[in-house]
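Only one structure is covered here, and it is reproduced in the block below.
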Amino acid sequence: MSYIAILETGVPPEELSETYGTYADMFRSHLAAPERQFRVFRTMEGELPGPDDTLSGVVITGSPAGVYEDHAWISELIGWLRGLDAQVPVVGICFGHQVMAQAWGGHVEKSDRGWGVGLHEYTIHDNALWRELATTDLSSIRVAVSHQDQVVRKPDTAVVLAGSDFTPYGALAYTDRKAISFQCHPEFCENFAGDLWMSRRGWRISEHLVDQAMDSLKAGTTRDHVLAAISRFLAA
């Protein structure tokens, strides 16, 4: 039986996962459908789908790791992505977005723009593709972010679906394979995002940036539209 593989490349802080679940839990909840089966792979511990597995899709989660770090599981994931059948739908989020770009010809590094936290707004650049995915006419999306690393050079085979001045390559779609990715976190509800930012306030992220991030929640998120687009993409 085919299944959607959720490649878990990181987990929330323990005190938050007790309340909100893991990143894999969030995706299983948001993408659930009667005909869908999911399997979670603890990729940061070396787990990946086998060569004989029948995949109906792949979702790669966020991670505190950087794709340029010298960890065996990251290089194994990059090699696995390079060998993956181009017809298998792949969705990457944050680290997933970055590792897909790194695997397929782009480049990722710690951005000199510093931490991105809060609800960030990405302008939709490829309106036709967005309408096909999300069946909406939004001119922008506003979704929670929490990252320092960024894709600084996109693969030649990727087009920019959405982005901002802070994150020019905020969302990518690939022309040579069935793959899309987002730097933002549509799986984060506002409460989780706020609790995550606050858990890092003053020791990992400056108090000023976290306070701005908390204030940005007042604008409201359009994450449901992004989740709907991801679900539709995996079903196509």
Item checked: Filtered residues of region 167-205 (kept if touching a residue at least 40 places away in the same chain (Cβ under 8 Å), assigned to a strand (DSSP E or B) and open to solvent by 50 Å² or more (accessible area, probe 1.4 Å)) -> none
Notebook entry, point to check: Checking D211 against (1) in a helix (DSSP H, G or I); (2) in contact with a Gly (Cβ under 9 Å, 6 or more places away or on another chain), which test does it fail?
Noted result: (2)
Check: Just checking, how many residues over region 68-100 are open to solvent by 10 Å² or more (accessible area, probe 1.4 Å) and aliphatic (A, V, I, L, M)?
Finding: 5
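Could you tell me whether region 117-135 includes any residue that is of a type in the set (V, I, T), surrounded by fewer than 17 Cβ atoms within 10 Å (Cβ to Cβ), touching a Gly at 6+ places or on another chain (Cβ under 7 Å) and over 23 Å from H30 (Cβ atoms)?
Step one: filter region 117-135 for residues of a type in the set (V, I, T), giving 117, 123-124, 135.
Add one more test, that the residue is surrounded by fewer than 17 Cβ atoms within 10 Å (Cβ to Cβ), and what stays is 123, 135.
Okay, now just the ones that are also touching a Gly at 6+ places or on another chain (Cβ under 7 Å), so 123.
Of the ones still in play, those that are also over 23 Å from H30 (Cβ atoms) are 123.
For region 117-135, residues of a type in the set (V, I, T), surrounded by fewer than 17 Cβ atoms within 10 Å (Cβ to Cβ), touching a Gly at 6+ places or on another chain (Cβ under 7 Å) and over 23 Å from H30 (Cβ atoms): present.
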Note to self: Being part of a strand (DSSP E or B), hydrophobic (A, V, I, L, M, F, W, C), farther than 14 Å from A229 by Cβ and touching a residue at least 24 places away in the same chain (Cβ under 8 Å) is the requirement here; does L161 meet it?
What the structure shows: no
Item checked: In region 30-67, the residues that are aromatic (F, W, Y) and touching a residue at least 60 places away in the same chain (Cβ under 8 Å) -> none
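The values are calculated or read from the model by the stated rules, or taken from the named source; none is laboratory data. What you see is a predicted model, and the numbers here were worked out from it, not measured in a lab. All Cβ positions, even for glycine, are placed from backbone atoms using ideal geometry, and neighbour counts span all protein chains on display. For the accessible areas, the whole protein counts, side chains as well, though only heavy atoms, and no ligand, DNA or RNA atoms are used. Shrake-Rupley method; radii C 1.70, N 1.55, O 1.52, S 1.80 Å.
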